[in-house]
Amino acid sequence: NIPGDQADKLLLANWGLPKAVLEKYHSLGVVQMFEWQAECLMLGQVLEGKNLVYSAPTSAGKTLVAELLILKRVLETRKKALLILPFVSVAKEKKCYLQ
């Protein structure tokens with residue numbers, strides 16, 4: 001569980017994302033994460049590029065965790081990232097979304 005002093009980590013605005021990214025998420029109704037998503041992002045050295053394996057039911061919010069990890073690493077390191085998706089239709093949708 002997230003300690004009370006870190007509850008602000010549930011808000012996307014507190015993760016150092018650019019204003020344009022936050023506005024896009026907000027326009028889609030995503031202002032904060034679930035507690036388990038924030039916990040994933042705060043595990044070990046995940047934000048420094050270490051591996052993370054997590055499992056959750058369909059539509060639980062796994063993609064948001066992956067997107068935030070990718071966005072933060074790309075913006076902080078100025079390196080490219082590879083996102084592997086299961087279907088061409090999902091890949092096309094994510095390409096438009098992330099652009």
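Taking the chain, which chymotrypsin sites (Phe, Trp or Tyr not before Pro) meet the DSSP loop condition and have no more than 15 other C-beta atoms within 10 Å? Could the numbers behind the result be given before it?
Numbers: sites: TRP15, TYR25, PHE34, TRP36, TYR54, PHE87, TYR97; in loops: TRP15, PHE34, TYR54, PHE87.
Sparse-neighbourhood loop chymotrypsin sites (Phe, Trp or Tyr not before Pro): PHE34, TYR54, PHE87.
Given a 1.4 Å probe, how much area per residue of the chain is accessible, in Å²?
71 Å²
If you put +1 on each Lys and Arg Cβ and -1 on each Asp and Glu Cβ, how big is the dipole of the chain around its Cα centre, in Debye rounded to 20?
It works out to roughly 580 debye.
For the chain, which whole-number percentage of the solvent-accessible area (1.4 Å probe, protein heavy atoms only) is attributable to carbon and sulfur atoms?
Of the solvent-accessible surface of the chain, carbon and sulfur hold 57 percent.
Step through the residues of region 90-99 one at a time and calculate ³J(HN,Hα) from phi using the Karplus curve (6.51 cos²θ - 1.76 cosθ + 1.60, θ = phi - 60°), rounding each to whole Hz and writing x for Gly and Pro.
Each residue's phi maps through the Karplus curve to give 5, 4, 5, 4, 5, 4, 5, 5, 6, 5 Hz.
Pull up all non-local amide H partners of LEU11: gap of 5 or more, or a different chain, and H-to-H distance under 5 Å with H placed in the peptide plane.
Amide H neighbours of LEU11: MET33.
Stretch LEU52-LYS24 to full length: gain in nm at 0.36 nm per residue minus the Cα-Cα span?
7.6 nm
Please list 3J(HN,Hα) in residue order for region 59-66, calculated via the Karplus relation 6.51 cos²θ - 1.76 cosθ + 1.60 where θ = phi - 60°; whole Hz, with x for glycine and proline.
Result, ordered by residue: 6, 8, x, 4, 4, 4, 4, 4 Hz.
In bins 5 Å wide, starting from 0, what share of all Cα pairs of the chain does each bin hold, as a percent?
Spelled out per bin, shortest first, that is 2, 11, 22, 25, 24, 12, 3, 1, 0.
With a cut-off of 19 Å, note down the residues of region 5-27 whose backbone N falls inside the zone around a label point 7 Å from the Cα of ARG78 toward its beta carbon.
Under cut-off, by backbone N: 17-19.
The values are calculated or read from the model by the stated rules, or taken from the named source; none is laboratory data. Computed from a prediction, not measured in an experiment: that's the story for all the values here. Cβ atoms come from the backbone with ideal geometry, glycine included; neighbour counts cover every protein chain shown. Note: accessible area is taken over every heavy atom of the protein model, side chains too, but ligands, DNA and RNA are not part of it. Shrake-Rupley method; radii C 1.70, N 1.55, O 1.52, S 1.80 Å.
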